[in-house]
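The values are calculated or read from the model by the stated rules, or taken from the named source; none is laboratory data. As the structure is a prediction and not an experimental result, all values here were calculated from the model. Ideal geometry is used to build each Cβ from the backbone, glycine not excepted, and the neighbour counts take in all protein chains shown.
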Amino acid sequence: MTDINQLVEEYIQWLKDKTILRSLKGWTEITTPHLDRHNDYIQIYVKSEDDGGVVLTDDAYTIDDLETSGCSIDSSPKRKKMVEVTLNGFGVERTGNTLFVRATADNFPVRKHSLIQAILAVNDLFVLSKPSIESFFLEDVNVWLDSNDIRYVPDATFKGRSGFEHKFDFVIPRSKKGPERFINTINNPRKDTAQSAAFSWVDTKDFRMDGSEAFFVLNDDDKQVPDDIHQALTNYGITPVLWSHRDEFVEHLAA
C-alpha cells in the first residue's frame, strides 16, 4: 500500500508546482492545476481591500459558463437552491454570477481552497452534455439513500489536519453494526476531480473515529469511469462505488 503521508506531500507539492501567478491592473490572476469541464485550468482573481484583507473571485466565469451551455441557474428554483446549498457548504458568497470569498493573511490558504472546491462542486452538479438537464446526481444519490432507509447527516463539514475545512455530501453515524461512513458524490469522474476529493478524506480521517470509512459514488450513467480513478481512490483508502453497482453497497451502508 502506498504510504499515505507521501501521497499527501506529493499532492501539496503538485499544487505548489502547478500554480501560476500573473499581475493584472490591481488584481492577481491565479491559475490553478484544477481543471474545469472543458479541461481548462481554473483561474481565480485576488485583490487587496482597504481594510487589509483580500477578496478572491472567479470573475463570474463558473456560472456564466453554465448559462452559455444552456444551463440557466436562476430560471429553475431547484437549480438555484442546489447552488445556494453548495456554496453555503463552502462558505462562498454569490453576487450576480460572481462567486467570491473574503480572506485575511491568516486564513488566505483555507479561503482560497474553499473557493476552488466550490467552483469544482458547482461545475460537477450538472450533466451538461444534455441540452435539457433533467436531474442532479447528488439528488439521485439522496433519493437512493432515503429509499433504502439509510440514515445520514447531509452537508457535514470537518476540519482536516492541514487546517482546511472539507464538506462531505453525506455522513452515516456509527452504529452497533457499522462504523462512521463518509459519502461524497462525483458526477463527472476525472482524475483531477477524484484526486482533489480524495484529499478531503485523507486530510480528515485522522481526526475521526477509528475504523471510519469513505465511499465515493461515481456517476457512470452515460460514461465509463477510467480504471486509474478507481486505483487512485483505492490508494487513498476510499471505496469507489459505481452508480450502476450501487445496490451492492446498500447492506453495508444501512448497517
*Only listed residue being of a type in the set (Gly, Ala, Ser) and either within 23 Å of residue 155 (Cα to Cα) or part of a helix (DSSP H, G or I) (or both), chosen from 52, 70, 89*: 89
*Out of curiosity, is residue 28 of a type in the set (Ser, Thr, Tyr), under 28 Å from residue 237 (Cβ atoms) and modelled with pLDDT of 90 or more?*
no
*Given the residues 254, 198, 194, 214, which is the only one that is small (Gly, Ala, Ser) and surrounded by fewer than 18 Cβ atoms within 10 Å (Cβ to Cβ)?*
254
*Determine whether residue 182 is surrounded by 13 or more Cβ atoms within 10 Å (Cβ to Cβ) and in contact with a helix residue (DSSP H, G or I) (Cβ under 7 Å, 6 or more places away or on another chain).*
yes
*Does segment 42-89 hold any residues that are surrounded by fewer than 16 Cβ atoms within 10 Å (Cβ to Cβ), under 18 Å from the mean Cα position of the chain (by Cα) and either among the acidic types (Asp, Glu) or under 18 Å from residue 19 (Cβ atoms) (or both), and which are they?*
84
*Flag for residue 28 being surrounded by fewer than 16 Cβ atoms within 10 Å (Cβ to Cβ) and among the polar types (S, T, N, Q)*: yes
*Residue in segment 1-36 that is farthest from residue 47 (Cα to Cα), counting only those that are touching a residue at least 12 places away in the same chain (Cβ under 8 Å) and in a loop (DSSP other than H, G, I, E, B)*: 1
*Scan segment 98-108 and give yes if some residue there is surrounded by fewer than 20 Cβ atoms within 10 Å (Cβ to Cβ) and at positive phi, otherwise no.*
no
*Hits in segment 54-102 (condition: within 19 Å of residue 43 (Cβ to Cβ), in contact with a Leu (Cβ under 8 Å, 6 or more places away or on another chain) and free of Cβ contacts under 8 Å to residues at least 40 places away in the same chain)*: 60, 87, 92, 93, 94
*Name the single residue, out of those in segment 66-95 being among the acidic types (Asp, Glu) and modelled with pLDDT under 90, that is nearest to residue 168 (Cα to Cα).*
74
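Yes/no matrix, rows are residues, columns are (1) assigned by TED's automatic domain parsing to the domain that holds residue 157; (2) among the hydrophobic types (A, V, I, L, M, F, W, C); (3) in a helix (DSSP H, G or I):
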| residue | (1), (2), (3) |
| --- | --- |
| 214 | yes, yes, no |
| 222 | yes, no, no |
| 234 | yes, no, yes |
| 245 | yes, no, yes |
| 248 | yes, no, yes |
*Could you tell me whether any residue of segment 201-213 is under 20 Å from residue 36 (Cα atoms) and at pLDDT below 95?*
no
